[in-house]
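Report on the following structure.
Taken together, the values in this text are just the output of simple stated rules run on the coordinates, not laboratory data. Keep in mind that this is a model prediction, so the values were computed, not measured. Because the Cβ atoms are built from the backbone with ideal geometry, glycine has one as well, and the counts that use them run over all protein chains shown.
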Amino acid sequence: MTSYGVLGTGVVGRTLAARLVELGHDVRVGSRTAGTDAPGGATVSFADAAAHASVVINATSGLVSLRVLESAGAENLAGKVVVDVANALDFSAGFPPKVLASSDDSLAERIQAAFPAVRLVKALNTMTASVMVAPRGLPGPHSTFLAGNDAEAKTTVRAMLHEFGWADAEILDLGDLSAARALELYLPLWLRIMGSVGGASFNIHVVDGTPSGAADS
């Protein structure tokens, strides 16, 4: 059993927390309004959720993630695996939102810079919440991604993904945290695909046709 602190009470946070509780983990959900209903019991403060956990999941809106993590407390996050599933989406000009990431920057990197003692892994931000926790609900294989600077932290997150039902071959490690830029910039394409297929219950599958050893030649 792992102790998780899930920060955020939106659809993503509640979906992740409910699945982790279902899997038998010790989960506390952090919220601005402690005491409201949440998977596994009532919500607690962001600081209490982070202090309790060995693994913290940032499932907040990307525009407020840094403020939420500040509320959680750097001392409560230091040395811990933090899984960032957030996307910084600006809806101020309507839909589709503007993605606040670029080829030079990402929300994940901003979090890592603000909290250098955390072991940050970007994961699960390229799909809807139901697919995150129940990948076998879609027919056939499909892909999810990891990015981060700490190999051991990525191993921890990979184990969580296995518990959710992801096959190891479906989990693609994209390298260091700068790869989060590409993961966050995928969102405009994701939104277009959602409009084309008429819903969010989909994902992509990376098919590798590279001959063995060719990439190293």
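The figures follow:
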item: Positions within the stretch 113-126 being of a type outside the set (Phe, Trp, Tyr) and surrounded by fewer than 22 Cβ atoms within 10 Å (Cβ to Cβ), in sequence order; result: ALA113, ALA114, PRO116, ALA117
item: Residue check, SER65 more than 20 Å from ILE111 (Cβ to Cβ), in contact with a strand residue (DSSP E or B) (Cβ under 6 Å, 6 or more places away or on another chain) and small (Gly, Ala, Ser); result: no
item: Residue match in the stretch 130-145 (condition: assigned to a strand (DSSP E or B), under 14 Å from the mean Cα position of the chain (by Cα) and crowded, with 17+ Cβ neighbours inside 10 Å); result: yes
item: Only one of VAL21, VAL12, VAL29, VAL68 that is touching a Phe, Trp or Tyr at 6+ places or on another chain (Cβ under 7 Å) and either in contact (Cβ under 8 Å) with a residue 12 or more places away in the chain or part of a strand (DSSP E or B) (or both); result: VAL68
item: Residues (in contact with an Asp or Glu (Cβ under 9 Å, 6 or more places away or on another chain) and among the basic types (Lys, Arg)) located in the stretch 49-104; result: LYS98
item: Count - residues of the stretch 22-39 that are small (Gly, Ala, Ser) and either surrounded by fewer than 15 Cβ atoms within 10 Å (Cβ to Cβ) or in contact with a Cys (Cβ under 6 Å, 6 or more places away or on another chain) (or both); result: 2
item: Hits in the stretch 69-117 - residues which are under 15 Å from the mean Cα position of the chain (by Cα) and among the hydrophobic types (A, V, I, L, M, F, W, C); result: LEU69, VAL81, VAL82, VAL83, VAL85, ALA86, ALA88, LEU89, LEU107, ALA108, ILE111
item: Filter result (within 11 Å of THR43 (Cα to Cα) and surrounded by fewer than 24 Cβ atoms within 10 Å (Cβ to Cβ)) within the stretch 1-21; result: THR9, ARG14
